[in-house]
Amino acid sequence: MATLDEIFQALSPQDQHNLTAFAQFLLLRAKQAGLGAGEAFLSQSPEPDPIIIPEPLDLPRPDEETIIIAVRRLRATYPMLDQRILFDRSADVVSNAMMGLRDTVESIDQLEAIFEAIYQDFVSQLQAEDSRK
């Protein structure tokens, strides 16, 4: 099996950026939960580190996209967000588009706005937690 470094070196620059962003997200989650193999390493830090706010991944929207592919792209773009919240807030939009009650392009535009709003809420929560330290 390839090591993480070998995998990283084999990736394109964009995929390297995405892998780094995802790794930072995992580290942030481990720090916040105080769990995992890194717990001993994290507990050695004398002062709490500032919270790292993970950035959405840069996954461009294709010219032709179905509503299901759009949901998959957006979930991959925002791996740091709670999937249950994403599902709860986007289910009606997806259902209406799949039943033909709403234009697909408009539905995808609305999904992008929903995901961005959820991300902004996520960032606000992290900033609030960081200010309490």
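Rounded to the nearest 0.05, what FRET efficiency do Glu116 and Leu4 have when you use their Cβ-Cβ distance and R0 = 25 Å? Don't jump to the answer; show the numbers that get you there.
Working: r = 30 Å, r/R0 = 1.22.
Computed FRET efficiency for Glu116 and Leu4 comes out at 0.25.
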With each pseudo-label sitting 7 Å past Cα toward Cβ, what's the Asp92-Glu65 distance in nm, one decimal?
2.2
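With r as the distance between the Cβ atoms of Glu55 and Ala128 and R0 = 22 Å, compute the FRET efficiency 1/(1 + (r/R0)^6) and round to 0.05. Kindly include the intermediate steps, with their values, before the conclusion.
On the way: r = 18 Å, r/R0 = 0.84.
The formula returns an efficiency of 0.75 here.
Once you charge only the Cβ atoms, +1 for Lys and Arg and -1 for Asp and Glu, what is the size of the charge dipole of the chain about its Cα centre, to the nearest 20 debye?
Numbers: 11 positive and 22 negative charges, 82 e Å.
With only Lys, Arg, Asp and Glu charged at Cβ, the dipole is about 400 debye.
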Among Ala91, Ala70, Ala21, the residue with the largest mean-square fluctuation in a Gaussian network model of the chain built from Cα contacts under 10 Å is Ala91
Take every Cα-Cα distance within the stretch 7-131, group them into 5 Å bins from 0 onward, and report for each bin the whole-number percent of pairs it holds.
2, 10, 17, 18, 17, 14, 11, 6, 4, 2, 1, 0
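We did not get these values from a lab; they are worked out from the coordinates using the rules stated. Worth saying up front: this structure is predicted, and the values here are computed from it rather than measured. We place every Cβ from the backbone using ideal geometry, glycine too, and count neighbours over all the protein chains shown.
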